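Each remark here refers to the structure printed beneath this line.
Each value in this text was obtained by applying a stated rule to the coordinates, not by laboratory testing. Everything numeric here is computed off the predicted structure, so don't read it as measured data. When we count neighbours, we look across all protein chains shown, and the Cβ atoms used for this are built from the backbone with ideal geometry, even at glycine.
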Amino acid sequence: MQIILAGLSALMYGAGDFCGGLASRRQPTLVVLFVSQLVGLAAAVIAVLVLGQPVPPPGDLLWGIAGGVCGAAGLAALYRALASTLVAVASPVAAVTGAVVPVLLALAGGERPGSLAWIGMGLAVPAIALLASGPGERAGGGLVRRAALMGAAAGAGFGLFFFCLAHTSRTSGLWPLAAARVATITLVAIFALATRRQLRPRVEGLWVMLLSGALDMGANIAFLLAARAGLLTITAVITSLYPGPTVILAMIVFREKLTVLRALGLVLALAGVACISV
């Protein structure tokens, strides 16, 4: 059951990211983020009610709120990157960065990772270099560099999101995920009011946003359930393969070309994330 849940988590993360990027090609990223997070909140609340989980201590909810703010920034960067740059570059870079950030924070806190984690971070450097190689679709490789930078920014947000969730207690259930979504929705609404931007979505492509939010929350829930059903290392390794579905969908729908160097970079990125997760 653990392997099945972790595999579903990777598939849903990858498909959800792709749907979010696809929706951002048709509607403003802020609107996509707002609608998808509303769907995620609804899914989290329904799951909590069905499972009958009691409200956890305020500390767990605060960690969830902090994670929600970081995760919102990460999703906004990734959706924009997937909508306007190269998916085959942005998604793997986000995965690598998202794995490296928690390790660096753990190091700062006094933890010492094993040799595999160091190998994974060593693989991350050439992986990012290979993924960012080539001239891209704009002169001077500006598109590729922007994809790498935005992917790194997204990964930093995701890494902080998982770092915050790691500080919640096991008895908190799915409540931190609900708190994270409340924080995200509030943050987006405040930003929209401050900048006088509309959050009302157009009917065109609305189903993609709804699907993105459902897949993202489904992936979060599946990850937590898988981690609590067995060894966290196994769950993390399998879930870290989520850029695979994103890149494959981009090749099918957007007809993006995956050069030999970038294919090698994708392999190194997935290997690096797997090592860091272990």
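Note the listed values (1) 0.98; (2) 0.96; (3) 1.08, then indicate which one is Rg/Rh (Cα atoms, Kirkwood Rh) calculated from this particular structure.
(2)
Under 5 Å between amide H atoms, partner at least 5 residues away or on a different chain: which partners does H167 have, H built in plane at 1.01 Å?
none
Sort out the exposed loop trypsin sites (Lys or Arg not before Pro) in the chain (DSSP loop, at most 16 other Cβ within 10 Å) and tell me the longest stretch that has none.
The longest uninterrupted stretch comes out as 27-137.
Springs between alpha-carbon pairs under 10 angstrom, Gaussian network model over the chain: which of A108, A219, A153 fluctuates most?
Greatest mean-square fluctuation among the candidates belongs to A108.
What are the ³J(HN,Hα) couplings of region 211-222, residue after residue, when phi is run through the Karplus curve with 6.51, -1.76, 1.60 and θ = phi - 60°? Round to Hz, x for glycine and proline.
Running phi through 6.51 cos²θ - 1.76 cosθ + 1.60 with θ = phi - 60° gives 5, 4, x, 5, 5, 5, 5, x, 5, 4, 5, 4 Hz.
Would you mind calculating the relative contact order of the chain from Cα pairs under 8 angstrom and at least 6 residues apart, reporting the percent as a whole number?
Normalised by residue count, the contact order of the chain is 43 percent.
Which net charge results when you count Lys and Arg as +1 and Asp and Glu as -1 among the other residues whose beta-carbon is under 15 Å from that of S36?
Once all neighbours under 15 Å are counted, the net charge is +4.
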